[in-house]
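Engineer: The structure is given below, and queries will be raised subsequently.
Here, each number is a calculation from the coordinates, and none is a lab measurement. Remember, predicted model here, so these are calculated numbers, not experimental data. Glycine gets a Cβ as well: all are built from the backbone with ideal geometry, and neighbour counts include every protein chain shown.
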Amino acid sequence: MTFNDDAQLDTSGVSRGGGGRGGRGLAIGGGGGILGLIVLVIYLFMGGDPSQVQQPQPQGQGQEQVGAGDLAEKCRTGADANKDVECRIVAAQNSVQAYWRATLPEASGGRYQWRDTNMVLFGRAQGEQARSACGTADNNVGPFYCPLDKTVYLSATFFKVLEQQFGSSSGPLAQEYVVAHEYGHALQDQLGLLERAQQDPKGPEGGGVRTELQADCFAGMWAKGAVETKDAQGRALMKPLTENDVRDALSAAESVGDDHIQQQAQGRVTPENFTHGTSEQRQRWFMTGYETGDINKCNTFAATRL
Ligand SMILES: [Zn+2]
C-alpha cells in the first residue's frame, strides 16, 4: 500500500507492446540490413542472456498500441495501483519521472532537465512479444531499457519470476525498485554515461557492473524522495516508506545479484562473468542512494570500492 488512494495516475507514457502471439520475428543473425549492424545495446535488469532480445527488425519499429486504452481505464488512482500490478508499475513510473523532473536540474547544477521516457508493458501471456528498436522481447526477457528508442520495456510477469525463481519479496517496493532501476538507465542515457557500460563490459570491476550499480543507486535516490512526488493536481503520489518497504526493495536487489543468480543457475559463482554486481553490492548501492539522496554519491565509475 505505498500509494495514496486518491492520487491520480497518468497512463499517457505507458503503452502495451506486442499482443502478437507466435511469429518469433527474426532470429539472431537473420536481421541483415543496416539495422542489423547497430550494436545491440540493452540494459537488462538482471544478468540474462542479451541474445534473448532478438536482432532489430527492418520494419515495424512503431509500437503497437494494443490495449493501451484499457490501462487508462483501469489505472486511474493510487487505489488502483495498490491493488493491481500493472497499475502499480504505472504509478511507480509516474513517481520516478516526477522525482527526476524535480531533482535533476538542481542535482546537475542546472545542466540537465529530465526528458520524459515512455514505458512499454508486455508479456502478459506466454509468447506475447514487444518490438523495440533493440529487438523483439518476449516474457523470457527481464526488464530493459533500450537507448535506441529511449524506452523502458517491462513484463509484469517478471515479478513472478523474481519471486518464485529468485526468492525476492513480492512487496510493492520490490516491484517499484525494478521500475526505478530501469529509469536509472534512462537517466544515464540522458547524462551520456551509458557508453561506459560497453567499456570492459564484464567482470566484477567492469563497466557493466558499474553501470548497473549506479542504476541501483539512482533507484535508492528515488526511494528517498518518493514521498515528495506529486501527481498533476499536486497531490502526493506516495505514502512515506516504511522499514518493510525498504526491506522489500533490498530483497529484490539481493535476489538479482550476480552471485545469487549464478549460484542458482550453475551451482557456483564466476566473477569474471559478472554483469550487475553481487547481492551485497546491489543492496549497498541502493542504500547509498537512499541514505544520501546525493547524485554525486552514485558515481560508481569513480568508486574505488564497488
Ligand atoms: Zn540494469
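Engineer: Which cross-chain or sequence-distant (5 or more) residues have an amide H under 5 Å from the amide H of Met238, H modelled 1.01 Å from N in plane?
Structural biologist: Placed amide hydrogens put Asn4, Thr229 under 5 Å from Met238.
Engineer: By the scheme Lys and Arg +1, Asp and Glu -1, what is the net charge of all other residues having a beta-carbon under 13 Å from that of Leu241? Kindly include the intermediate steps, with their values, before the conclusion.
Structural biologist: Working: positive: Lys224, Lys239, Arg247; negative: Glu176, Glu228, Glu243, Asp245, Asp248, Glu291.
Combined, the nearby Lys, Arg, Asp and Glu give -3.
Engineer: Which value results when the Cα radius of gyration for segment 106-188 is divided by 2.2 N^0.38 Å? Walk me through the numbers before you get to the answer.
Structural biologist: Values: Rg = 14.2 Å, N = 83, 2.2 N^0.38 = 11.8 Å.
Ratio of Rg to 2.2 N^0.38 Å for segment 106-188: 1.20.
Engineer: Can you compute the FRET efficiency between Ser12 and Ala265 using 1/(1 + (r/R0)^6), with r the Cβ-Cβ distance and R0 = 41 Å? Round to the nearest 0.05. Walk me through the numbers on the way to the answer.
Structural biologist: Details: r = 38 Å, r/R0 = 0.94.
Efficiency computed from Cβ-Cβ geometry: 0.60.
Engineer: Give me the net charge of Glu280's neighbourhood, meaning all other residues with Cβ under 11 Å from the Cβ of Glu280; Lys, Arg count +1, Asp, Glu -1.
Structural biologist: Numbers: positive: Arg282, Arg284; negative: Glu254, Asp258, Asp259.
Surrounding charge for Glu280 is -1.
Engineer: Just to be sure I understand: if I project the alpha-carbon convex hull of segment 128-280 onto a plane and average over all orientations, what area do I get in nm²?
Structural biologist: Working: hull surface 39.7 nm².
Taking a quarter of the hull surface, the average projection is 9.9 nm².
Engineer: Compute the signed sum of charges (Lys and Arg +1, Asp and Glu -1) over the other residues within less than 14 Å, Cβ to Cβ, of Pro147. Intermediate values should be presented prior to the final figure.
Structural biologist: Details: positive: Arg115, Lys150, Arg196; negative: Asp149, Glu182, Asp189, Glu195.
With Lys, Arg at +1 and Asp, Glu at -1, the net is -1.
Engineer: Within straight cross-link reach of Lys230, meaning Cα distance under 18 Å, which lysines are found once same-chain residues fewer than 8 apart are removed?
Structural biologist: Within reach: Lys239.
Engineer: Here is a further query. Could you tell me the largest-minus-smallest coordinate of the C-alpha atoms of segment 228-293 on each of the three principal axes, in descending order and whole angstroms?
Structural biologist: Principal-axis extents of segment 228-293 (Cα, largest first): 50, 22, 20 Å.
Engineer: Post the alpha-carbon centroid distance, segment 217-274 to segment 112-177, in whole angstrom.
Structural biologist: 14
Engineer: Starting from the Kirkwood radius over alpha-carbon pairs of segment 160-230, derive D by Stokes-Einstein at 10 °C in a medium of 1.306 mPa s and give it in µm² s⁻¹. Walk me through the intermediate numbers first.
Structural biologist: Working: Rh = 13.2 Å.
The estimated diffusion coefficient comes to 120 µm²/s.
Engineer: Next question, about the same structure. Counting only Cα, what are the radius of gyration and maximum Cα-Cα distance Dmax of segment 143-191, in Å?
Structural biologist: 11.8, 35
Engineer: Between Gln199 and Gln165, how many nm apart are label points set 7 Å from Cα along the C-beta direction?
Structural biologist: The answer from the label model is 3.3 nm.
Engineer: A follow-up question, please. Would you calculate the separation in nanometres between label points at Arg305 and Leu191, each defined as 7 Å from the Cα along the Cα-to-beta-carbon direction?
Structural biologist: 2.1
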